[in-house]
Each structure stands twice: as structure tokens, then as C-alpha cells.
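Note sheet for the following structure.
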Amino acid sequence: MKKVMRIHSLALFLMLGSWTSSGQRQTASPDPRPSPAPAETAAKPLATGSLSREQIQALIRQVAEKDMENDKLQRDYTYAERVVEHKLKGNGEVGSTETRTYDVLEIYGEQVRRLTSKNDKSLSAKDVEKEDEKIQKVIDKRKHESDSDREKRLKREEKEREDDRRFVTEVADAYNFTLVRTESLDGRETYVIDAEPRPGFEAKSKEAKFLPKFKFRVWIDRAENQWVKLDAECIDTVSLGLFLARVHKGSRILIDTTRVNDEVWLPRHVALHVDVRVALLKNFNVEQDVTYADYKKFHSASRIVGMEEVK
């Protein structure tokens with residue numbers, strides 16, 4: 001689930017991470033492009049030659065770099081996450097629905113999700129105790145972390161960041177970008193850019209090998225060069241591991257972000273529609289709708305406390 005929370009420059013790779021963690025599938029895929037913009041988000045015609053291919057590539061790289069900064073700043077915030085999951089029958093009808101609400105905390109650099117309700121009902125005393133124990137384990141782990149373990153963890157985290165940077169660089173090289181129009185979203189002017197896999201692209205990293213299997217449309221804020229919306233679709237079967245899972249054509253993710261505290265763009269809404277076969281044996285049908293709210297900034301330079309103080 002950690003990749004689901006990092007809805008930033010790795011949005012496409014994140015989508016794969018969320019699918020494999022949920023291990024679920026949706027049989028019916030939506031229309032691959034967003035519906036026409038309403039009057040308040042009407043498109044504007046483009047000036048001839050407004051952005052060249054090279055300029056768009058440079059913009060995509062800049063957007064990706066800024067997005068990694070967003071990921072870093074997100075660690076200074078707590079927030080609420082609400083997940084609505086529809087399990088589908090074979091004919092695509094909803095069989096059951098489950099709703100889960102979480103408080104998302106950052107404890108010494110580690111993101112922790114604390115379940116607060118199920119199906120809009122308070123947790124039982126037993127479930128509350130389980131959630132408290134989960135967080136206490138994280139606290140105790142960091143409280144007793146040795147200097148050598150801390151050094152290893154920091155090196156591992158730095159390696160992950162470097163891997164992210166390399167992947168982001170390849171995103172700009174993997175696609176042919178087209179500036180479609182400008183569009184107003186929430187009163188802010190955005191570039192609307194389509195990305196189609198570039199023939200002949202050769203991936204350098206393992207993660208980037210998946211990129212030719214996806215196309216996407218991205219909305220980029222013109223004033224801040226931040227992406228504010230992304231609509232990505234799987235256009236060919238993706239195999240994850242030898243027998244782990246196969247993500248099928250038509251799977252899709254739609255992500256909206258919002259500007260918080262005049263300093264960072266953070267996730268607001270994620271809609272996930274997935275078609276996946278796990279272990280080449282069983283199909284799972286699911287739709288997920290995730291919303292994020294109540295962002296509150298805190299300062300992480302603090303001492304380690306126990307669960308009672310966390311509450």
C-alpha cells in the first residue's frame with residue numbers, strides 16, 4: 001500500500017504496485033479517455049507551435065522532479081484516507097461493498113495507516129487494540145534501532161530515491177507527447193498532454209520495462225509546472241513475475257491532486273479499475289475509490305512517544 005500513497009512521479013509504476021498488493025481484477029473497463037470538459041473547465045485552443053516536443057519532454061522531467069519534492073513534503077502531513085471497494089461478480093455487477101477509513105501517520109519516516117472504521121461503523125475494542133499494537137510495534141522498532149541498523153535503513157531509502165529518479169528520467173524518454181489543449185481545473189490553467197509509447201524505446205531499469213504497456217493523459221498546472229491530474233490506461237497485458245500476476249488490457253487509474261497549504265500538491269482522489277489474474281489461476285474483480293482529506297501539517301523533529309501520546 002505504500003506505493004499507493006506515493007501518488008507522484010511514479011504514478012504509472014504505483015498503479016502496478018497497487019494492483020499487485022490488492023490482487024484483484026475488474027472485468028469491464030471504462031472509456032479510455034475522460035468525458036468532455038464541462039463549461040467551467042472548457043478547453044482553450046492552442047497557439048500554433050506553443051510547445052515543441054523537446055519542450056514537452058523538458059516539462060515532463062521538471063514536473064517529475066517537483067513531484068518527488070511533493071513526496072518528501074507529504075511526510076510532514078497527517079491525513080484521512082477513505083477506501084470504498086466494490087467486489088464484482090462475473091457479469092460485472094457489484095456483489096459486495098466494503099468501506100474502510102484510516103488515519104495516516106508518519107512515524108520516524110515510516111508511513112503507518114491506522115484503521116479507524118469499517119463500513120462507517122466504529123471498530124470493536126479488539127480491533128482497536130490490534131491497531132494500537134501495530135503502531136506500537138513501529139514505535140518500539142525505531143526506539144530500539146541501533147546506529148548500524150539506522151545507517152542501513154537510510155542507505156536503503158537513499159537507494160530507493162535514486163531508483164525513483166532513474167525511473168522518472170526514463171518516463172520522459174519512453175513516450176511521444178502531444179499537447180492537446182489548455183484547460184481550466186479548479187480555476188487554474190493547465191496543459192493537457194497525451195503520452196503514447198514511443199516505438200523503439202529501450203528501458204534501462206526493470207520498472208521502466210512496463211512503460212510501453214501504458215498510455216496516459218496528464219494535466220499540468222501552467223503556473224507551477226506541477227501535475228494535477230492523471231488518467232492512465234493499460235494497453236497490453238503486463239506480466240508481473242513468473243507466476244505472480246497478469247494485468248490485462250483496459251485496466252485504468254485516474255488520479256486527482258490538490259494544492260495544500262500553498263506549498264505542496266497532494267492526492268485528493270484515486271479511482272482504480274483493474275483486470276488481473278493472480279498466479280495464472282484465479283481472476284479477481286474489484287473497483288476501488290479512494291479519497292484523501294483533512295491534511296494537517298506537523299513537525300517531524302520530535303521525540304519517540306508511546307501509543308497513549310500518539311492518540
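Computed from the coordinates by the stated procedures, all read-outs in this text should not be read as laboratory data. Predicted model, so just to flag it, every value in this text is computed and none were measured. Cβ: placed from backbone, ideal geometry, glycine included. Neighbour counts: every protein chain shown.
Structural remarks
- Spacing of the two label points (7 Å from each Cα toward its C-beta) at E129 and V180, in nm: 5.3
- Each residue of segment 103-118 was assigned a 3J(HN,Hα) from its phi angle through the Karplus curve 6.51 cos²θ - 1.76 cosθ + 1.60 (θ = phi - 60°); the sequence is 9, 9, 10, 10, 10, 6, x, 10, 7, 10, 9, 9, 5, 10, 7, 10 Hz, with glycine and proline shown as x.
- Amide H within-cut-off set for S251, under 5 Å, with H built and near neighbours excluded: C234, D275
- Remark: the K204-T258 segment gains 16.2 nm on full extension, using 0.36 nm per residue and subtracting the alpha carbon distance.
- The residues packed around N119, meaning those with a beta-carbon under 9 Å from its beta-carbon, carry a net charge of +1 if Lys and Arg are +1 and Asp and Glu are -1.
- Backbone HN-Hα couplings from phi across segment 257-264 [Karplus 6.51/-1.76/1.60, Hz, Gly and Pro as x]: 10, 9, 7, 10, 6, 6, 9, 8
- Too-long pairs where the Cα-Cα distance tops 20 Å, listed order kept, from K66/K229; K72/K209; K87/K118: K72/K209
- Integer Hz, Karplus 6.51/-1.76/1.60 couplings in order for segment 200-211, x for Gly and Pro: x, 5, 10, 6, 9, 9, 4, 5, 5, 5, 7, 4
- Cβ crowding within 10 Å averaged over residues, with 213-219, 131-137 ranked highest first: 213-219, 131-137
- The residues V171, V274, when put in order of fewest to most other Cβ atoms within 10 Å, stand as V171, V274.
- Aspartates and glutamates whose Cα lies under 19 Å from that of K130, excluding same-chain neighbours fewer than 8 positions away: E81, D103, E106, E110, D120, D140, E308, E309
- The H on the amide N of R181, modeled in the peptide plane, is under 5 Å from the matching H of V192, each at least 5 residues off or on a different chain.
- Near the amide H of Y77, within less than 5 Å, lie the amide hydrogens of F298, all on another chain or at least 5 residues away, with H placed in the peptide plane.
- Modelled label positions at L115 and T237, each set 7 Å beyond Cα in the direction of Cβ, lie 3.4 nm from each other.
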